[in-house]
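*Asks:* This is the structure I have questions about; it appears just below.
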2 protein chains.
Amino acid sequence: MKKLLTLLFLSVPALTGTAFAQSDYQADSVFIRKIFSNALSEGKSYEWLRYLTQQIGGRLSGSEGAAKAVTYTKSVMEAEHFDQVTLQNVMVPHWVRGAKEKARIVNGKQKIEVPIAALGGSIATPKGGITANVIEVKSFQQLRELGADKVKGKIVFFNRPMDATKINTFEAYAGAVEQRGSGASEAGKLGAVGAIVRSMTTRLDDFPHTGSLRYASGAPIIPAAAISTNAAELLSKTLKANPETQLYFEQNCETLPDVPSHNVIGELKGQRNPALYIVVGGHLDSWDFAQGAHDDGSGCVQSIEALRILKALNYTPNNTIRAVMFMNEENGVKGGIAYADSAKAKKETHIAAIESDRGGFTPLGFGIVGTSAQKAGIMRWRKLFSAFGIHELGPGGGGVDIGPLAPQGTVLLGLVPDSQRYFDYHHAANDKFEAVSKRELDLGAAAMAAMIYMIDKYGVE
Amino acid sequence: MKKLLTLLFLSVPALTGTAFAQSDYQADSVFIRKIFSNALSEGKSYEWLRYLTQQIGGRLSGSEGAAKAVTYTKSVMEAEHFDQVTLQNVMVPHWVRGAKEKARIVNGKQKIEVPIAALGGSIATPKGGITANVIEVKSFQQLRELGADKVKGKIVFFNRPMDATKINTFEAYAGAVEQRGSGASEAGKLGAVGAIVRSMTTRLDDFPHTGSLRYASGAPIIPAAAISTNAAELLSKTLKANPETQLYFEQNCETLPDVPSHNVIGELKGQRNPALYIVVGGHLDSWDFAQGAHDDGSGCVQSIEALRILKALNYTPNNTIRAVMFMNEENGVKGGIAYADSAKAKKETHIAAIESDRGGFTPLGFGIVGTSAQKAGIMRWRKLFSAFGIHELGPGGGGVDIGPLAPQGTVLLGLVPDSQRYFDYHHAANDKFEAVSKRELDLGAAAMAAMIYMIDKYGVE
């Protein structure tokens, strides 16, 4: 306790004194302005994203696209003459979708094709698919109350929409995504033969939005797929009119043995404390049938761009600054875990890690994971950031890939962009390059470069 | 002075006391939450916008589209059972584009077609078009320094880009748009035969972005067109390589006699002060070759939606609340002027007017035009709004259509959405329904409904 108090007493004057002397505020303000101007007038992230999405495309762990993305982002960071660019080995899951899924609502003689996509990690249906009666539920509780008698032999249709009235769409996602993550096992436990999950979006459209499921240990393993929201509405309506409505679906996905892959790490060497690290990153993998523009090509190119900007402005970092392209966020987080394990093993002290994985939209803030003093210290920089529209510095989530660094005492920061459009594209085929605005992307990269600069200059204690 | 001081002393306690007693804050907070929830779960503005943009399309003053838009929005407000829906007569300019423009860069034997669009209000070229040498300038000063000797008989190419480093894109627009508004006359004064203006966008793309010009009184009248930014880059590059490069362009536009049109006004009658008015509006006209989704179909449907929400929540207005679809913002503001003139003639006291004409993007604030006390009063509501991401209540622009109400002492408020994407679409053919996000549109409507509610309840003094 004594030590903690001493630290607190030391740290508070350090923050107010060092970080907020008027002269520094002005100097920081000028430098951050330069960061934003550079990003907006000479930014390269948009063209990198164009290549990553349009030339490479889907990048699911273990795929050819993922391998190409490793090579490409390495080459980009080398071309930018970062001090060092390395590949970090990581074994990743290798799930493949196989032939495109098929699904039909079978209402008596009427058969209507509907768009579905197998959930990541799902097993295939038996050859010829599954045709079964459908039971629609809005919650796991409702499912359990129905019980095995009413569920056995059927396809469970999880149809609770994301709550559109939440202002932050990630809250709405958090309130619905258990259906995708655990629905198959919950249904399997009661004897269901398949699970169909309403896509995680507040839009009504024809895109199935995939994403990972997790089979619960010991529960029967049944195939599961996401269905587009329009088709979910149709299925629900059809079931109301005819409870004997059946669904046919067939999918051919498969989990192959793990394969070697890589995190890609570029760095600018610290001139004062080369063994202290500040990391900025996104995840390089994406779902297979999407270009992964917002999720998370944006975060990757923004992270490289943040370093490019600092270098272009001739900033001399005190600490070593790394851009990390994490592999396998979508279905395993093996890259994030491998990175944190390696940092621990090599005794690389990570001061802070910043992640962009909420889309390449207008940045509005950062969510901070750290001690109260660390959060308060960073929140005192609010005025510097709010000049650029970045109002929301406060407690929040960091990021899935940087999460494994938390036990090492690393402060985590998640870039918080405007959330309104994210789930229009998330894990769906329309998450394309065209859905990204150059200015929004540039601003996010600048926001992260500015945060790196402040942390590099003043620390987080 | 004494009177002013008395007013100030009276008004400050009134604002703090009435508006911010803890119980009211809570009640207001709850009601505003209901407004946002209603918009996000039962919002109708997106479907109205779909019709306005996809079924009606371009709505330039005097066009068939504009007439259809009058009929349509009137029918929408009637279907919503507003207390009264009326058409207000207004004479509007009638400029027509005629046959599609043509343009070619002529570099020796090489001829390259480039996309242009006549500026609104421009004259046609002579039949067969104009082919002339081109002189590129970045500013009016540079043009004047060149002088008549170097300009006479040429096409002046205004190629100063919007400054991409401005965080607020409207600032960047303000810094460049004189080229479009006054470039033709500035060039004409020096004997130029035509003016070509780089499109007002920070993007590099193939869309010409049109907009109005104003011929200066007494200056020679020459034809003028916007050229896409990609073509502007190409023309500039070609001129550098070969200063004798010529441009050919041909356009067939024409100003016909003024025609009758309408503002469309729907209202909810005030129960306490029916003769006091709060107005919310957007402009119904758009450029001819665009669907006018962000500019300003969004503002129109959001205004109707704001009234729909208040009605749906059974809110009893103290003052009469009007949604106004202003006609002719783009090339004359005749609707805004007619509305204000009528208000004055009928002695309708307008407390406040709110306009949405900066696109259907995520709302971030309101810009206020009023006395210091009025601004301060509204700014004290910041906490209520910031819960919904609306951080920026402060001095700012109101709106072009509501501007004419200012001399009547009306407080003006302009909805301030995120500005990053606005000029990607502004006055260009890609300003389509698909460019609008339902959630963003809904949030803007809710923000305006919440502002109406607060003003209706507490006034602005």
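*Asks:* Inspect region B:143-157 for any residue being of a type in the set (D, E, K, R) and buried (at least 18 other Cβ atoms within 10 Å of the Cβ) and give the result as yes or no.
*Replies:* The first filter runs over region B:143-157 and keeps only residues of a type in the set (D, E, K, R), leaving B:144-145, B:149-150, B:152, B:154.
Restricting the remaining residues to those that are buried (at least 18 other Cβ atoms within 10 Å of the Cβ) gives B:154.
Checking region B:143-157: at least one residue is of a type in the set (D, E, K, R) and buried (at least 18 other Cβ atoms within 10 Å of the Cβ).
*Asks:* Need the failing condition index for A:Gly365 against (1) more than 14 Å from chain B (Cβ to nearest Cβ); (2) among the small types (Gly, Ala, Ser); (3) part of a strand (DSSP E or B), just the number.
*Replies:* Exception for A:Gly365: condition (1).
*Asks:* Please work out which one of (1) out of contact with any Leu (no Cβ under 7 Å at 6 or more places or on another chain); (2) farther than 20 Å from A:Asp295 by Cα is the condition A:Ala103 fails and give its number.
*Replies:* Answer for A:Ala103: the failing condition is (1).
*Asks:* Right, B:Gly120: on the phi > 0 side of the Ramachandran plot and either in the same structural domain as B:Gly332 (by TED's automatic domain parsing) or not β-branched (Val, Ile, Thr) (or both) or not?
*Replies:* On the way: on the phi > 0 side of the Ramachandran plot: no; either in the same structural domain as B:Gly332 (by TED's automatic domain parsing) or not β-branched (Val, Ile, Thr) (or both): yes.
No: the conditions fail for B:Gly120.
*Asks:* Looking at A:Val134, is it touching a residue at least 12 places away in the same chain (Cβ under 8 Å) and outside the structural domain of A:Met200 (by TED's automatic domain parsing)?
*Replies:* Working: touching a residue at least 12 places away in the same chain (Cβ under 8 Å): yes; outside the structural domain of A:Met200 (by TED's automatic domain parsing): no.
No.
*Asks:* Further, regarding this structure: Can you name the residue in region B:428-440 that is outside any helix (DSSP H, G or I) and surrounded by fewer than 24 Cβ atoms within 10 Å (Cβ to Cβ) and is also farthest from the other protein chains (Cβ to nearest Cβ) among such residues?
*Replies:* Taking region B:428-440 as the starting set, the residues that turn out to be outside any helix (DSSP H, G or I) are B:428-432, B:436-437.
Adding the requirement that they be surrounded by fewer than 24 Cβ atoms within 10 Å (Cβ to Cβ) leaves B:429-430, B:432, B:437.
Working: B:Ala429: 15, B:Asn430: 11, B:Lys432: 13, B:Ser437: 5 Å.
Only one residue tops the list, namely B:Ala429.
*Asks:* Let me ask you something else. Return the total of residues in region B:57-73 being of a type outside the set (Ser, Thr, Tyr), crowded, with 24+ Cβ neighbours inside 10 Å and assigned to a helix (DSSP H, G or I).
*Replies:* Number satisfying all stated conditions: 2.
*Asks:* From B:Thr201, B:Thr210, grab the single residue that is buried (at least 23 other Cβ atoms within 10 Å of the Cβ) and either outside the structural domain of B:Phe157 (by TED's automatic domain parsing) or out of contact with any helix residue (DSSP H, G or I) (no Cβ under 6 Å at 6 or more places or on another chain) (or both). Even if it seems obvious, please write down each step before you answer.
*Replies:* Numbers: B:Thr201 fails: either outside the structural domain of B:Phe157 (by TED's automatic domain parsing) or out of contact with any helix residue (DSSP H, G or I) (no Cβ under 6 Å at 6 or more places or on another chain) (or both).
After ruling out the rest, the residue left standing is B:Thr210.
*Asks:* Which of the residues spanning region A:34-45 are facing chain B (nearest Cβ under 10 Å) and in a helix (DSSP H, G or I)?
*Replies:* Across region A:34-45, the qualifying residues are A:Lys34, A:Phe36, A:Ser37, A:Asn38, A:Ala39, A:Leu40, A:Ser41, A:Glu42.
*Asks:* To continue, here is another question. So which residues in region B:103-142 are of a type in the set (Lys, Arg) and closer than 16 Å to B:Ala226 by Cα?
*Replies:* Residues of region B:103-142 of a type in the set (Lys, Arg): B:104, B:109, B:111, B:127, B:138.
Within region B:103-142, B:Arg104, B:Lys138 meet the criteria.
*Asks:* Still on this structure, I have one more. Quick check on region A:379-397. Is at least one of its residues buried (at least 23 other Cβ atoms within 10 Å of the Cβ), over 30 Å from B:Phe423 (Cα atoms) and away from every other protein chain (no Cβ under 14 Å)?
*Replies:* yes
*Asks:* If you don't mind, there's one more thing I want to ask. When you scan region B:398-410, how many residues do you find that are crowded, with 23+ Cβ neighbours inside 10 Å, aliphatic (A, V, I, L, M) and assigned to a loop (DSSP other than H, G, I, E, B)?
*Replies:* Within region B:398-410, the subset crowded, with 23+ Cβ neighbours inside 10 Å is B:398-399, B:401-402, B:405, B:410.
If we keep only those that are aliphatic (A, V, I, L, M) as well, we get B:402, B:405.
Then drop every residue that is not assigned to a loop (DSSP other than H, G, I, E, B), which leaves B:402.
The number of residues fulfilling the criteria is 1.
*Asks:* Of the numbered conditions (1) more than 11 Å from chain B (Cβ to nearest Cβ); (2) touching a residue at least 24 places away in the same chain (Cβ under 8 Å); (3) over 22 Å from A:Ser37 (Cα atoms), A:Tyr425 fails exactly one; give the number of that condition.
*Replies:* Condition not satisfied by A:Tyr425: (1).
*Asks:* Only residues that are part of a helix (DSSP H, G or I) and hydroxyl-bearing (Ser, Thr, Tyr): list them for region A:74-89, please.
*Replies:* Residues of region A:74-89 that are part of a helix (DSSP H, G or I), as a first pass: A:74-79.
The answer is A:Ser75, and nothing else.
*Asks:* Please give the number of the condition A:Thr165 fails out of (1) in contact with a helix residue (DSSP H, G or I) (Cβ under 7 Å, 6 or more places away or on another chain); (2) touching a residue at least 12 places away in the same chain (Cβ under 8 Å); (3) under 30 Å from A:Pro363 (Cα atoms).
*Replies:* (2)
*Asks:* So which pairs qualify, if the first residue must be in region B:31-53 and closer than 25 Å to B:Phe385 by Cα, the second must be assigned to a loop (DSSP other than H, G, I, E, B) and at pLDDT 95 or above, the Cβ gap must be under 6 Å, and the two must be at least 6 apart or on different chains?
*Replies:* That search, which allows pairs on different chains as well, returns B:Lys34/B:Leu313; B:Phe36/B:Phe388; B:Ser37/A:Thr165; B:Leu40/A:Ala164; B:Leu40/A:Thr165; B:Ser41/A:Ala164; B:Ser41/A:Thr165.
*Asks:* Determine which single condition B:Glu461 fails, assuming it passes every other condition in (1) away from chain A (no Cβ under 14 Å); (2) under 28 Å from B:Ser29 (Cα atoms); (3) not in a loop (DSSP other than H, G, I, E, B).
*Replies:* Going through (1) away from chain A (no Cβ under 14 Å); (2) under 28 Å from B:Ser29 (Cα atoms); (3) not in a loop (DSSP other than H, G, I, E, B) one by one, B:Glu461 breaks only (3).
*Asks:* Still on this model: Can you name the residue in region B:281-307 that is farther than 18 Å from B:Leu415 by Cα and among the charged types (D, E, K, R) and is also surrounded by the fewest Cβ atoms within 10 Å (Cβ to Cβ) among such residues? Talk me through it step by step, then tell me what you get.
*Replies:* Here is the first cut: in region B:281-307, the ones farther than 18 Å from B:Leu415 by Cα are B:285-291.
When the remaining residues are screened for being among the charged types (D, E, K, R), the result is B:285, B:288.
Values: B:Asp285: 31, B:Asp288: 23.
Top of the filtered list is B:Asp288.
*Asks:* Taking only region B:227-259 into account, find how many residues are hydrophobic (A, V, I, L, M, F, W, C) and in contact with a Phe, Trp or Tyr (Cβ under 9 Å, 6 or more places away or on another chain).
*Replies:* Restricting attention to region B:227-259, the residues satisfying the condition of being hydrophobic (A, V, I, L, M, F, W, C) are B:227, B:231-232, B:234-235, B:239, B:241, B:247, B:249, B:253, B:256, B:259.
Still in the list and also in contact with a Phe, Trp or Tyr (Cβ under 9 Å, 6 or more places away or on another chain): B:227, B:232, B:235, B:239, B:247, B:253, B:256.
Final tally of qualifying residues: 7.
*Asks:* Has region B:408-419 got any residue that is in contact (Cβ under 8 Å) with a residue 12 or more places away in the chain, within 11 Å of chain A (Cβ to nearest Cβ) and among the small types (Gly, Ala, Ser)?
*Replies:* yes
*Asks:* When you check B:Ile455 against the structure, is it over 30 Å from B:Arg198 (Cβ atoms), within 13 Å of chain A (Cβ to nearest Cβ) and among the β-branched types (Val, Ile, Thr), yes or no?
*Replies:* On the way: over 30 Å from B:Arg198 (Cβ atoms): yes; within 13 Å of chain A (Cβ to nearest Cβ): no; among the β-branched types (Val, Ile, Thr): yes.
Spelling it out, it is not the case that B:Ile455 is over 30 Å from B:Arg198 (Cβ atoms), within 13 Å of chain A (Cβ to nearest Cβ) and among the β-branched types (Val, Ile, Thr).
The values are calculated or read from the model by the stated rules, or taken from the named source; none is laboratory data. Only a predicted model underlies this, so the values are computations on that prediction, with no experimental measurement involved. Counting neighbours? That spans all protein chains shown, and the Cβs are built from the backbone with ideal geometry, glycine included.
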